[in-house]
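Visitor: Below you'll find the structure I mean.
Readers should treat all values here as calculations from the given coordinates under stated rules, not as data from a laboratory. Just so we're clear, the structure is a prediction, and the values are computed from it rather than from any experiment. Virtual Cβ from ideal backbone geometry, glycine too; neighbours counted across all protein chains shown.
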Amino acid sequence: MSQVSFEEIGKQKPGHTPRGVPVVAFDPYSDEVMSNPYPYYQELREAGPLVWMQRYGTYAVGSYSSVVRVLTDHASFCSSAGVGLTNFHTETPWRKPSIILEVDPPDHSRTRKVFSRILSPRSLNKLRERFEQEAEAIVSRVVAKGVCDGVKDLAEAYPLKVFADAVGLPPDGREHLLPYGDMVFNAFGPQNDRFRECLARLGPSIEWINEVCQRKNLREDSFGAELYAAADAGEITHEEAGMLVRTMLSAGLDTTIFTIGNALACFARNPDQWAIVRDNPAIARQAIEEVLRYDSTFHSFYRTATRPVTLEGMQIEKNQKILVFVASANRDTSHWAGADTFDVHRKPAANVAFGTGIHGCAGQMIARLEAEIVLKALAAQVERIELLGAPELHFNNTVRGYASLPLRFVAKQDKGD
Ligand code: OVV
């Protein structure tokens, strides 16, 4: 098999099918597939542990074992060529690459160390009380309203308040966060209409983001302030501190918002599962894990082969992109019994919703904390979650969630019991 040169990557046309690799024809970025990707993921896994995505001229993995294999071999499957379809070695990224996501060791290790410390369970402890108070207030509001949009009124409202506060953002201008995040996650996919329309709509959001990443705009006693303190201590540069604030704002909103929305949809559609959490809120953390497995928020991203590498008995050429479907791995029936059933009693067995390996989500503990606290606040006040109409999906090239969820939160008769 011939080796693909740098220059050829990105210009590769569908049809350059490598020999011996099963071919998959569906477009994972089409509205049709995104509406319900799971039958397509099954097709992908049944085709084989490593396949060729004809539409985009990339390899892909969708089974649990091959996904884990790719993510735990960062030496062979790197992130520095970008974790989207765009190959940074040959194409121009839409923004300056992330210094923690789109980078390999040893550069990655230094930024990751600082970032992980600031988001460690230990440093998150001090946020719990404030997060709980805010969840109680927001949940009380939606319960009082009765009928609401579960996305706008709860799933968006909560992280836009508590996470943005924790980063140290000013209260004004936060409406720029979601258009920016939408762009970040669209940009991991192909430069399709969705990407172009999102970029065209962005307007002043990029400038606002860059502005609030500066030290003078961040509150004291915040993640942002801690990143700049790490710069004062010489662990990273001051410019890098600003870039890591950008990472928090890129990665920390859409993801948690969609996860909370997906949880609401799961429980509205499975009232028996809601009854379990409501009657035993201690299970909330495990239930969130099941939401993440069953309806993963981050669906897919890429790695790039650093050398000719054999995977699942097939040869991948250097510089080739490999599409990693974590949402498919989380539905792999050879790893999960009854994978397509939402079951909060399922024992948490290492789902890959947050990825795995050295690039495994650095914010996963705060993401879980937010979702768990919201679920517990709902469990304290809400008897039933009723779906009043068809949920509206939000289409994004990388993350999956809802644009709106018409819900009624039926209050418990006696909140005290
Ligand atoms: C994990 C993630 C998602 C989106 C953006 C970034 C990271 C970043 O580092 O900017």
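Visitor: Might you report the magnitude of the Cβ-based charge dipole of the chain about its Cα centre, with Lys and Arg at +1 and Asp and Glu at -1, to the nearest 20 debye?
Guide: 500 debye
Visitor: Related question: From the phi of every residue in the range 260-268, what ³J(HN,Hα) in whole Hz does the Karplus formula 6.51 cos²θ - 1.76 cosθ + 1.60 yield, where θ is phi - 60° and glycine or proline is x?
Guide: 5, x, 5, 5, 4, 5, 4, 6, 5
Visitor: Work out the length of the dipole vector of the range 125-187 about its Cα centre, built from +1 on the beta-carbon of each Lys and Arg and -1 on the beta-carbon of each Asp and Glu, and round it to the nearest 20 debye.
Guide: About 120 debye.
Visitor: Based on the Cβ-Cβ distance from Arg19 to Asp73, what FRET efficiency comes out when R0 is 25 Å, to the nearest 0.05?
Guide: That gives a FRET efficiency of 0.60.
Visitor: Each residue of the range 308-320 in turn: what ³J(HN,Hα) in whole Hz from Karplus with 6.51, -1.76, 1.60 and θ = phi - 60°, glycine and Pro shown as x?
Guide: Rounded to whole hertz, the list is x, 9, 8, 9, 6, x, 10, 9, 9, 7, 3, 6, 6.
Visitor: For Asp172 and Gln315 in one chain, what is 0.36 nm times their gap in residues minus the Cα-Cα distance, to one decimal in nm? Present the calculation step by step, with values, prior to reporting the outcome.
Guide: On the way: separation 143, 0.36 × 143 = 51.48 nm, distance 5.17 nm.
Between Asp172 and Gln315, full extension yields 46.3 nm more.
Visitor: List the aspartates and glutamates whose Cα sits under 14 Å from the Cα of Lys318, skipping any in the same chain fewer than 8 residues away.
Guide: Glu7, Glu8
Visitor: Moving to a separate point now. Kindly put Thr259, Thr17, Thr86 in sequence by how many other C-beta atoms sit within 10 Å of each C-beta, fewest to most.
Guide: Thr17, Thr86, Thr259
Visitor: So what's the back-of-envelope 222 nm ellipticity for the chain, counting only DSSP H runs of four-plus at -39500 (n - 2.57) apiece and dividing by all residues, rounded to 500?
Guide: It comes out at -12500 deg cm²/dmol, rounded to the nearest 500.
Visitor: Taking 25 Å as the cut-off for C-alpha to C-alpha distance, list the pairs among Lys96/Lys126; Lys126/Lys376; Lys113/Lys347; Lys152/Lys412 that go past it.
Guide: Where the Cα-Cα span goes over 25 Å, the pairs concerned are Lys96/Lys126; Lys113/Lys347.
Visitor: Any idea which of Ala275, Gln364, Val382 is furthest toward the positive side of the dipole for the range 263-391, if Lys and Arg beta-carbons carry +1 and Asp and Glu beta-carbons -1?
Guide: Value: Gln364.
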